[in-house]
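*Asks:* Have a look at this one before I ask anything.
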Amino acid sequence: MKTQEAFCVRCGSADTRVTRLDQTSAEGTCFRCDKPFHATPCHGCGGFRIAGSFGVSGTRFENLPESVKCWD
């Protein structure tokens, strides 16, 4: 994992408070949507900064779809 930052899985915001972060998952609260989230890391790099929204961000992909981008 290259970062301690996790994007919200609902809206893609980086404005989050992460309460638990390890190599297999991240859990926290998004300040933009004011909801909890649970993310899994990028398959390629292990980072949690994955763009997307509504259940797409943070999902484990073999290859990221063109509509989703890993920022690490």
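*Asks:* Give the residues of region 17-34 that are surrounded by 12 or more Cβ atoms within 10 Å (Cβ to Cβ) and not in a loop (DSSP other than H, G, I, E, B), sorted by residue number.
*Replies:* 18, 21, 26, 27, 28, 29, 30, listed by residue number.
*Asks:* Out of (1) at pLDDT 80 or above; (2) open to solvent by 30 Å² or more (accessible area, probe 1.4 Å); (3) within 12 Å of the chain's Cα centre (by Cα), what's the single condition that is false for residue 4?
*Replies:* With respect to (1) at pLDDT 80 or above; (2) open to solvent by 30 Å² or more (accessible area, probe 1.4 Å); (3) within 12 Å of the chain's Cα centre (by Cα), residue 4 is out only on (1).
*Asks:* Give the number of residues within region 1-51 that are in contact (Cβ under 8 Å) with a residue 60 or more places away in the chain and either within 20 Å of residue 65 (Cβ to Cβ) or touching a His at 6+ places or on another chain (Cβ under 6 Å) (or both).
*Replies:* Residues flagged as in contact (Cβ under 8 Å) with a residue 60 or more places away in the chain and either within 20 Å of residue 65 (Cβ to Cβ) or touching a His at 6+ places or on another chain (Cβ under 6 Å) (or both) within region 1-51 amount to 1.
*Asks:* Do you know which residues across region 36-72 are modelled with pLDDT of 75 or more and β-branched (Val, Ile, Thr)?
*Replies:* 40, 50, 68
*Asks:* Still on this model: Would you be able to tell me the number of residues in region 35-53 that are open to solvent by 50 Å² or more (accessible area, probe 1.4 Å) and in a strand (DSSP E or B)?
*Replies:* Within region 35-53, residues that are open to solvent by 50 Å² or more (accessible area, probe 1.4 Å) and in a strand (DSSP E or B) number 3.
The values are calculated or read from the model by the stated rules, or taken from the named source; none is laboratory data. Given the structure is predicted, the values throughout are model-derived calculations rather than measurements. Every residue, glycine as well, gets a Cβ built from its backbone with ideal geometry; the counts of neighbours run over all protein chains shown. Each accessible area value is taken on the protein alone, full model and side chains, heavy atoms only, with ligands, DNA and RNA left out. Shrake-Rupley method; radii C 1.70, N 1.55, O 1.52, S 1.80 Å.
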